[in-house]
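The values are calculated or read from the model by the stated rules, or taken from the named source; none is laboratory data. The structure displayed is predicted, hence computed values, not measured ones. Note: ideal-geometry Cβ built from the backbone for every residue, glycine included; neighbour counts use all protein chains shown.
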């Protein structure tokens, strides 16, 4: 459902239109809900308070499903309440369709929000049966609402059957079967924890504390107002149109959403380190699994404010009447009331805006990091030049290599759009750039797009936009090489502090080691890939297994039909210090007498887990690597192709 809504926005002119539509729909829904439960003043003010809610503001600008699901949940609540008040089948049908769509969007979220209303529907239906006065209108409304909700459930199950082959296995569950509801061992991408009820209660208590202190409107002030509003709605019948039950259904969502989320370990994950309040996604995106709770908070806070304003008006009127000897100057009373309310609105508005500004500033810093990371893809000049930061939305700007295939690093595993969510392929791969996973089947992708230029996106640093460290990135050209042999010629500079150097060359079926006989000069190496065999030679190198010095040592190792060649040079600069170079390229047998390959990635690794691509490297003096990949056919070398990975 979220993908369909975002696609509709794209079809109408751009993805941001979908975000704006969802945000507007949620505000309109909250206004309607406040009006349905109380009056027009409460509804209008609830909409304003939602606009000042930090969690709403942040999620109005991100392509996540939480705001959309809440919009559908609110539409369900409004439709259900209107159907009860009017006895309308049309409203009942709207409620059912809305909750069914919410289930298709986020099933568990929809169930938690709908539980109080479902319970009310069941209780009232049973009460009617027991009373012997089974109303046809009541039964019809229940059946119509249930039909709409069931349609959404069946649609979700049918979608599952098509995508995963099992109607009861949701796509995300197929991807991460241990990342679901319940207690016990929970895991995703190597992160595993024993999720116990105690841990769930602790994590959710922290999440709720964060929600009600920072992410609802005006933080703690808004929370206090909402608590007052709940008390007014449930204890003072005079302020409620239709009794206590109707607002009680909305208030009950606090309980169902909070209690239901204890069983989901995602609330533990969003916190990061439990003892660090500034860690984790919750610090930037808020407690989004509890997004629905911004709705009752806005509505009940609005009720408290309207009731408070009425109380101020009455108080001022009484005092003015007493001071004037029993004669009320209406104009003066209205002026005093307006002044008091204006002061309160100014103070409260400042608190609310400050809360929004604080979380917006964090996300602005994250956005700046993303802009810098995506900037090379938006550059209309040289693809290897890192320009000034541009908006991520410009990442598909045409320029040099606009119709190229761009290989992306597998930062978090084999996920094309994580973390590169901005970079999307058209369904037919026919418009603009094509993005593909790097380091996996690059040659197959290159063969599928023989007429496109090839590029490789590389970066240095940690792709964690919340760590205050911006990556340095570039887009570099990738060359195709094919012939009887693909030959890598590389020269590795050695600094004056170098004490020794060791070369390791390996492929899928083997590896070999060579050592430099002289650590005072650069290492020159040649690796020739032919069908089934890789031959490595180099001046000033000898096999690590010994055999004496050789001015041009030569060793070989087997290659599979689809292989990847790694050349690693470790330079020792002291007893416990050094660095390494890494050169990697894919190679594939295309016939019994020919191979094809792609130009390599080239990196310098100050430490094994932190490598810097040559295109963005700023090495110290005496450090660097130059490499070319060329093809050899019929005994003749083709022109060298430079490698800038």
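Within the range 114-122, at least one residue is more than 37 Å from the chain's Cα centre (by Cα) and either surrounded by fewer than 19 Cβ atoms within 10 Å (Cβ to Cβ) or within 23 Å of residue 24 (Cα to Cα) (or both).
Please indicate, with yes or no, whether at least one residue in the range 130-137 is assigned to a helix (DSSP H, G or I), in contact (Cβ under 8 Å) with a residue 12 or more places away in the chain, within 27 Å of residue 32 (Cβ to Cβ) and under 34 Å from the mean Cα position of the chain (by Cα). No: zero hits. Has the range 318-337 got at least one residue that is on the phi < 0 side of the Ramachandran plot, at pLDDT 75 or above, assigned to a helix (DSSP H, G or I) and loosely packed, with under 14 Cβ neighbours inside 10 Å? The answer is no; no qualifying residue exists.
Determine, yes or no, whether residue 592 is closer than 17 Å to residue 439 by Cα, at pLDDT 90 or above and outside the structural domain of residue 469 (by TED's automatic domain parsing). Working first, answer last.
Numbers: closer than 17 Å to residue 439 by Cα: no; at pLDDT 90 or above: yes; outside the structural domain of residue 469 (by TED's automatic domain parsing): yes.
Answer is no for this residue.
Within the option set 186, 220, being in contact with a strand residue (DSSP E or B) (Cβ under 7 Å, 6 or more places away or on another chain) and closer than 23 Å to residue 284 by Cβ holds for one residue only, 186.
Taking residue 530, is it farther than 18 Å from residue 627 by Cβ, out of contact with any strand residue (DSSP E or B) (no Cβ under 8 Å at 6 or more places or on another chain) and at pLDDT 90 or above? Judged against the criteria, residue 530 is not a match.
Flag set for residue 162, criterion: more than 30 Å from residue 297 (Cα to Cα), assigned to a helix (DSSP H, G or I), free of Cβ contacts under 8 Å to residues at least 60 places away in the same chain and out of contact with any helix residue (DSSP H, G or I) (no Cβ under 9 Å at 6 or more places or on another chain). Would you confirm, using the coordinates I've provided, whether residue 45 is part of a helix (DSSP H, G or I) and farther than 27 Å from residue 8 by Cβ? Answer is yes for this residue.
Could you tell me which of the residues 450, 465, 477 is in a loop (DSSP other than H, G, I, E, B) and in contact (Cβ under 8 Å) with a residue 60 or more places away in the chain? From the options 450, 465, 477, the qualifying one is 465.
Would you confirm, using the coordinates I've provided, whether residue 270 is closer than 30 Å to residue 41 by Cβ, surrounded by 14 or more Cβ atoms within 10 Å (Cβ to Cβ) and at pLDDT 85 or above?
Working: closer than 30 Å to residue 41 by Cβ: no; surrounded by 14 or more Cβ atoms within 10 Å (Cβ to Cβ): yes; at pLDDT 85 or above: yes.
No, not satisfied.
Given the options 27, 57, name the one that is at pLDDT below 95 and surrounded by fewer than 23 Cβ atoms within 10 Å (Cβ to Cβ).
On the way: 27 fails: at pLDDT below 95.
Within the list 27, 57, the selection yields 57.
For the range 284-301, a residue qualifies if it is at pLDDT below 95 and either surrounded by fewer than 19 Cβ atoms within 10 Å (Cβ to Cβ) or more than 23 Å from residue 365 (Cα to Cα) (or both), and exactly one does: 284.
The set of residues from the range 19-43 being under 23 Å from the mean Cα position of the chain (by Cα) and under 21 Å from residue 152 (Cα atoms) comprises 22, 25, 26. Selection of first residues in the range 168-181 that are over 17 Å from residue 195 (Cα atoms) and of second residues that are loosely packed, with under 12 Cβ neighbours inside 10 Å and at pLDDT 85 or above, restricted to Cβ pairs under 9 Å at least 6 apart or on distinct chains, gives the following pairs, ordered by first then second residue: 169/177; 174/165.
Going by the structure shown, is residue 206 in a helix (DSSP H, G or I) and closer than 30 Å to residue 39 by Cα? Walk me through it before giving the result.
On the way: in a helix (DSSP H, G or I): yes; closer than 30 Å to residue 39 by Cα: no.
Answer is no for this residue.
Restricted to the range 521-624, the set of strands (runs of 3 or more DSSP E) holding at least 2 residues that are over 16 Å from residue 501 (Cβ atoms) comprises 523-530, 533-539, 552-558, 562-574, 577-591, 594-598, 601-607, 610-613.
To keep it simple, each residue is scored yes or no on (1) buried (at least 20 other Cβ atoms within 10 Å of the Cβ); (2) at pLDDT below 85; (3) in the same structural domain as residue 604 (by TED's automatic domain parsing).
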residue	(1), (2), (3)
466	no, yes, no
473	yes, no, no
497	no, no, yes
549	no, yes, yes
